[in-house]
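Notes to accompany the following structure.
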Amino acid sequence: MKILLVDDDAFLRDMYATKFKELRYAIDVAETAEIAFTKLNNGTYDVILMDMVMPGMTGIELLKHIKAEKLGGNPICIMLSNQSEEAEKNASREAGALGYIVKAEFIPSEVVEEVQRIINKSK
């Protein structure tokens, strides 16, 4: 399973990437939506995890582009954010996200478990 993690927070990005690598997931990272676009135009992913708040382009905007332009194959898109309001969750679902994980509610290993749950639920 190949995952793209898009998050501007280097510490969290590295921590989550390490947790996924420990479980033998192929993980690729991007610190901005622009870098994510380059990666999505050059390859396919099974899952894309993206932060809601990033410089330049929000996670919702990125998600809408992924869906509209059919980037990265047909990946499962999951929001991974500290934004916990229902409006953000609803907006991400409407844009095509299959899951929404609030970072502050889970330790990193639980984030991985939640991603696995969302993936299994989508099958």
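General remarks:
- The single condition among (1) closer than 19 Å to A26 by Cα; (2) of a type in the set (G, A, S); (3) modelled with pLDDT of 95 or more that G72 does not satisfy is (3).
- Options M54, M15; residue that is surrounded by fewer than 23 Cβ atoms within 10 Å (Cβ to Cβ), touching a residue at least 40 places away in the same chain (Cβ under 8 Å), assigned to a helix (DSSP H, G or I) and not basic (K, R): M15
- Flag if A33 is surrounded by 19 or more Cβ atoms within 10 Å (Cβ to Cβ), free of Cβ contacts under 8 Å to residues at least 60 places away in the same chain, more than 23 Å from N120 (Cβ to Cβ) and among the aliphatic types (A, V, I, L, M): yes
- Restricting attention to the stretch 58-117, the residues being of a type in the set (A, V, I, L, M), surrounded by 15 or more Cβ atoms within 10 Å (Cβ to Cβ) and either in contact with a Gly (Cβ under 7 Å, 6 or more places away or on another chain) or not in a helix (DSSP H, G or I) (or both) number 11.
- Within the stretch 1-25, restricting attention to residues that are over 16 Å from V53 (Cβ atoms) and basic (K, R), the residue that is farthest from the chain's Cα centre (by Cα) is R24.
- Whichever residue in the stretch 46-69 is of a type in the set (G, A, S) and within 22 Å of E31 (Cβ to Cβ) and, among such residues, is nearest to the chain's Cα centre (by Cα): G59
- Number of residues in the stretch 18-30 that are surrounded by 14 or more Cβ atoms within 10 Å (Cβ to Cβ) and small (G, A, S) equals 1.
The values are calculated or read from the model by the stated rules, or taken from the named source; none is laboratory data. Predicted model only: the values in this text are computed from it and were never measured. For neighbour counting, all protein chains shown are included, and Cβ atoms are generated from backbone atoms with ideal geometry for every residue, glycine included.
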